[in-house]
Amino acid sequence: MCRKKDVLVLLLFSVINCPSMAQTHLKLPSSDDDFRVLAGASQHGPCERCGVVQGIRTQTHAGPTVMNSVPVIAPSLVSTPLIGTGNAVEEARHRNDPVVVYVITVRYDDGSFAFIEQHDEPVLHKGDRVQVVEGRVERRSD
């Protein structure tokens, strides 16, 4: 009889507390407008790859060396395209030019540093709050 009472009390306790265990703050979008509002809401919690720009510098790398696909008969003979469409000849002339890379130094919120290389000129400045997403530095709005 005592065992039945214990089971009954546990069952009654679980039924009474079920509504209190539900997540009342959970919001599910029911329309496109709701989705836009929820997607634009600020994300709470720590940002894993957020930090502050400590510096931006340029670095020059040697251009990619392209091996000549024609077998070498004599070292002084080099094949070049005689007829090209568009800017193929111009690209061939500048193929081995040095490449300028922008190195952005970011100090993450956890105190660690990262050096991210980008080929396009960043629109960031020293002191900007940023987030690193897929190897690219993006400005944060917070």
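Structure notes:
- Residue within segment 86-98 that is surrounded by 13 or more Cβ atoms within 10 Å (Cβ to Cβ), within 17 Å of R57 (Cα to Cα) and either under 32 Å from the mean Cα position of the chain (by Cα) or modelled with pLDDT of 90 or more (or both) present: no
- Given (1) at pLDDT below 65; (2) under 24 Å from S141 (Cα atoms); (3) not hydrophobic (A, V, I, L, M, F, W, C), number of the condition P71 does not satisfy: (2)
- In segment 42-67, the residues that are farther than 18 Å from V133 by Cβ and at pLDDT below 55: H44
- Screening segment 111-141 for residues that are of a type in the set (K, R) and in contact (Cβ under 8 Å) with a residue 40 or more places away in the chain and picking the one that is nearest to Q59 (Cα to Cα) gives K126.
- Of residues in segment 99-129 being loosely packed, with under 11 Cβ neighbours inside 10 Å and small (G, A, S), the one farthest from R49 (Cα to Cα): G127
The values are calculated or read from the model by the stated rules, or taken from the named source; none is laboratory data. These numbers come from a predicted model, not from an experiment. When we count neighbours, we look across all protein chains shown, and the Cβ atoms used for this are built from the backbone with ideal geometry, even at glycine.
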